[in-house]
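Below is one structure, written out as structure tokens; comments come after it.
Each value in this text was obtained by applying a stated rule to the coordinates, not by laboratory testing. Worth saying up front: this structure is predicted, and the values here are computed from it rather than measured. Cβ sites come from the backbone with ideal geometry, for glycine too, and all protein chains shown count toward neighbours.
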């Protein structure tokens, strides 16, 4: 496969699954993890996937794996190699080993720096654990560090979010991904959704939370380059940018998604089924969804709108319905010439996107 492409590796193991998490996650057990490593190496061997631009170890909690596994899995020198890290249970010695193994970017699941919010979210770290980790990452020499921050959390106020952010901005990091809490089916939070929704900030306050984070980050020299992403200059996430700009990607590991040659696919979201397919020298794919060129371009266009630099319309052949909707959205102040999202368009993107398809 030629051209720029990315590789995502799903490490599904966690010490404990968070009550809002809807990803494929399994309890951390040595025997299962060794089977996973064997499977990852086998799955990679089934693809001619040379020289990816980026590699992303997601999960789960991939920082639980031995660092030497990273070195065993990496087979080239990608520009960006990201490791997701939970603040608890990671040592300086292990971080040094991850850096030596080839990791050059870390993504830290902070979520909040308020103890009561972390407790509600089922997180096992304290705010002080996060603070310590970010200083250790800097000391080890990781310059490219992203943090996740969550808003729209039950019981969260504008004031508590501001306290989290003010404390976070005193710490060394170069990128922030901002997520509003979504309550997904098949999670413990979904069973409690009626009680939790009553405690959530009302929609207008939720928008104010987003705007507060945006304003403070811009003041500190971050650029808002994608709806949920903010970066210091030269620290945009190369891997994640590929999802919004249409770079092909291969996902390996149980439950991973891929998008290659206009075909969207997903691996078996089941460890044993994934391993059984690999033992039979089969790619462990559970479903495929081929897209027509028209479908692919329309989907890519809507994703590309999330990229706040604007969209180059010459890349797309859009249907009349979408072009008419673009004009209407511009008249409503939701789009600026480019087209690119206005601030109001950013806030209402989830409502805008279905209109364009």
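For the residues 25, 153, 70, what sequence is obtained by ranking on other C-beta atoms within 10 Å, fewest first?
25, 70, 153
With a ≥ b ≥ c the root eigenvalues of the C-alpha gyration tensor of the stretch 164-210, is it rounded (a/c under 1.5), prolate (a/b larger than b/c) or oblate?
Note, shape of the stretch 164-210 comes out prolate.
Report the dimensions of the chain along its three principal axes from the alpha-carbon atoms, largest first, rounded to Å.
Cα extents, longest axis first: 57, 48, 41 Å.
If you average the C-alpha positions of the stretch 220-277 and of the stretch 177-207 separately, how far apart do those two centres end up, in angstrom?
The stretch 220-277 and the stretch 177-207 have Cα centres separated by 24 Å.
Looking at the stretch 6-243, send over the antiparallel percent of its DSSP beta bridges, to the nearest 5.
Of all bridge pairs located within the stretch 6-243, approximately 20 percent are antiparallel.
Considering the chain as a Gaussian network with a 10 Å cut-off on Cα pairs, which listed residue, 167, 86, 304, attains the greatest mean-square fluctuation?
Of 167, 86, 304, the most mobile in the Gaussian network model is 167.
Under a crude label model (7 Å from the Cα following the beta-carbon direction), how far is residue 136 from residue 343 in nanometres?
Computed distance between label sites residue 136 and residue 343 equals 3.9 nm.
Quick check on the exposure proxy: order 148, 166 from fewest to most C-beta atoms within 10 angstrom.
Starting with the residue having the fewest Cβ neighbours, the order is 166, 148.
With a bin width of 10 angstrom, please list the P(r) values of the stretch 160-254 as percents of all Cα-Cα pairs, from the 0 bin to the one holding the largest distance.
Pair shares across the bins are 13, 34, 32, 21, 0.
Listing 42, 92 from the residue with the fewest other Cβ atoms within 10 Å to the one with the most, what is the order?
92, 42
For the chain, with a Gaussian network of springs between Cα atoms less than 10 Å apart, report the residue from 35, 217, 64 with the top mean-square fluctuation.
Of 35, 217, 64, the most mobile in the Gaussian network model is 35.
Can you figure out the FRET efficiency of residue 280 with residue 79, using R₀ = 41 Å and their beta-carbon distance, to the nearest 0.05?
Calculated transfer efficiency: 0.75.
If each Cα of the stretch 98-202 is one equal point scatterer, what is log10 of I(q)/I(0) from the Debye formula at q = 0.16, 0.17, 0.20, 0.24 Å⁻¹?
Debye intensities relative to I(0), on a log10 scale: -0.74, -0.81, -1.03, -1.30.
Could you give the distance between the Cα centres of the stretch 301-321 and the stretch 1-52, to the whole Å?
The stretch 301-321 and the stretch 1-52 have Cα centres spaced 31 Å from each other.
In terms of the Cα gyration tensor, with a ≥ b ≥ c the square roots of its eigenvalues, is the stretch 47-90 rounded because a/c is under 1.5, prolate because a/b exceeds b/c, or oblate?
Prolate shape, in that a/c is at least 1.5 and a/b is the bigger ratio.
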